[in-house]
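Engineer: Just dropping this structure here.
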Amino acid sequence: MRITLSNNGKQRQAGVALITGLIFLVMLTLIAVTAMQSTTLEERMAGNSRSRDAAFQGAEAAVRAAEVVLSGASLPPFNGSKVGYYALLDSGASADYWKNTHNWAAQSVAYSGALAGVKEARFVIEALPPGSGGSGGDDSLVAKPLSGGEIFRITTRGIGTDGTSSVILQTTFRRSI
């Protein structure tokens with residue numbers, strides 16, 4: 001008795017199943033790699049945002065420290081003899097000056113407190129001449145001269161722990177006489 005094998009297509013289908021499985025495996029790998037790249041990018045963005053927020057908090061803390069100095073009973077001289085305390089700087093209102101030109105390490109006062117996530121926070125105080133502009137104290141947007149007291153411009157810079165995130169803040173402070 002002879003047994004004959006019929007060729008009903010089973011041998012041809014085995015190869016097609018393997019190729020189909022490999023195609024699905026490649027597609028799943030591409031999806032996984034894309035998901036990992038997206039997750040890595042989002043993680044870096046979150047880290048940058050955290051560092052910038054820390055730099056902002058450092059700059060805010062330096063503003064408060066400068067306000068404490070200005071609220072004291074006596075003030076340092078604003079003639080450049082003490083680092084960080086100056087008369088009106090010619091470029092003091094220019095953002096470009098504070099970002100690119102000012103020597104923060106040598107010409108500013110370091111914030112002495114400890115802040116988590118902040119690499120450095122520093123401030124500069126400028127004594128503005130009498131009659132300098134400022135808010136009139138009402139809700140209008142018209143700048144009016146302040147009367148009574150001395151006016152100072154405080155400029156601060158905070159740097160996050162990564163060393164690349166920096167925030168510069170500037171505000172005015174009126175000291176009542």
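Values in this text are rule-based calculations from the coordinates and carry no lab data. Keep in mind that this is a model prediction, so the values were computed, not measured. Quick reminder, even Gly has a Cβ in these numbers, built from the backbone with ideal geometry, and neighbours come from all protein chains shown.
Engineer: Given labels modelled 7 Å from the Cα in the Cβ direction, how far is it in nm from residue 64 to residue 114?
Structural biologist: 1.7 nm
Engineer: Using only the alpha-carbon atoms, what does the stretch 12-175 span along each of its principal axes? Please give whole angstrom values in decreasing order.
Structural biologist: 96, 37, 26
Engineer: Continuing with this model, one more query. What is the fewest-to-most order of 155, 39, 171 by other Cβ atoms lying within 10 Å of their Cβ?
Structural biologist: Ranking 155, 39, 171 by Cβ neighbours within 10 Å, fewest first, gives 39, 171, 155.
Engineer: Sticking with this structure for a sec: Taking the simple approach of a point 7 Å from Cα along Cα-to-Cβ for both residue 172 and residue 87, what is their distance in nm?
Structural biologist: Modelled inter-label distance: 2.0 nm.
Engineer: Then there's this: Under the 0.36 nm per residue contour assumption, what length would be gained going from the current alpha-carbon distance of residue 79 and residue 36 to full extension?
Structural biologist: 9.8 nm
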